[in-house]
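Worksheet: one structure, shown below.
The values are calculated or read from the model by the stated rules, or taken from the named source; none is laboratory data. Worth saying up front: this structure is predicted, and the values here are computed from it rather than measured. Cβ: placed from backbone, ideal geometry, glycine included. Neighbour counts: every protein chain shown.
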Amino acid sequence: MRVRPKRCTTVHRAASAAGLADLERPVQTDCYQSNGTSTEPCADDTAETAKLHHDCFACGPGSGGLGLVFDRDGPDAVWAEWFCDEKYQGYPGIVHGGIIATILDSAMTNCLLTKGISAVTAKMQVDYAQPLRIGSMITVRASLTRSRPPLFVLVEQVTQDGSVCAKATAKFMSRDVWSVTSDVLQ
């Protein structure tokens, strides 16, 4: 199990790629820097997450969803742990593949949000290596591998008991140009 970074009460800057003004406010949150001096937005406390993902099924705070909570893992990655409850079962004893894809997508989206980037999934390739067992914890980790605005490439993997069960590669497009530049993905 990973150890969460030290708590801090630093002022974090939440930059907005969606045209919102930068916000500076004191927060108590998990900083990815152990000395608590980060000015980077934190994964679960950016203005983007609060405004754009408040009602998200995967990572929103409301009941009934997956309840994923992401933390930074360095400047270009996020991670989370999640318990595989039986209500997310597909075949007996294993997590439904659509739920796994949702977890992968959510991790990559949150990775971008920590950088103040509001983007949508344009293309995602999921490779399922082995089933996720119901009744166990998983760890999800996503990282940004290429940034060429308005296009961003990310990779992600889900592990359970130290084994990689699923991984994905995806291309994300900035929300503000998605409708007019989707041909960039070709």
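Here are the numbers for the structure shown:
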quantity	calculated
Leading residue by the ranking (nearest to the chain's Cα centre (by Cα)) among those in segment 131-143 that are exposed (fewer than 14 other Cβ atoms within 10 Å of the Cβ) and not aliphatic (A, V, I, L, M)	S136
Test result for T102, within 12 Å of the chain's Cα centre (by Cα) and among the hydroxyl-bearing types (S, T, Y)	yes
Any chance R146 is in a strand (DSSP E or B), within 14 Å of the chain's Cα centre (by Cα) and either at pLDDT 95 or above or more than 13 Å from M108 (Cβ to Cβ) (or both)	no
Any hit, segment 92-99, residues being in contact (Cβ under 8 Å) with a residue 12 or more places away in the chain and under 19 Å from G60 (Cβ atoms)	yes
Flag if D127 is exposed (fewer than 14 other Cβ atoms within 10 Å of the Cβ) and acidic (D, E)	yes
Among (1) closer than 24 Å to G67 by Cβ; (2) among the charged types (D, E, K, R); (3) modelled with pLDDT under 95 - the single one E81 does not satisfy	(3)
Among the candidates S147, S118, S143, S136, residue that is polar (S, T, N, Q), out of contact with any His (no Cβ under 9 Å at 6 or more places or on another chain) and free of Cβ contacts under 8 Å to residues at least 40 places away in the same chain	S147
Single condition G116 does not satisfy, out of (1) crowded, with 18+ Cβ neighbours inside 10 Å; (2) farther than 19 Å from G60 by Cα; (3) among the small types (G, A, S)	(2)
Output for segment 80-111, where each listed residue is crowded, with 24+ Cβ neighbours inside 10 Å and in contact with a Phe, Trp or Tyr (Cβ under 9 Å, 6 or more places away or on another chain)	A80, V95, I100, I103, S106, A107, M108, T109, N110, C111
Top-ranked residue in segment 149-183 [being assigned to a helix (DSSP H, G or I) and in contact with a strand residue (DSSP E or B) (Cβ under 6 Å, 6 or more places away or on another chain); ranked as modelled with the highest pLDDT]	R175
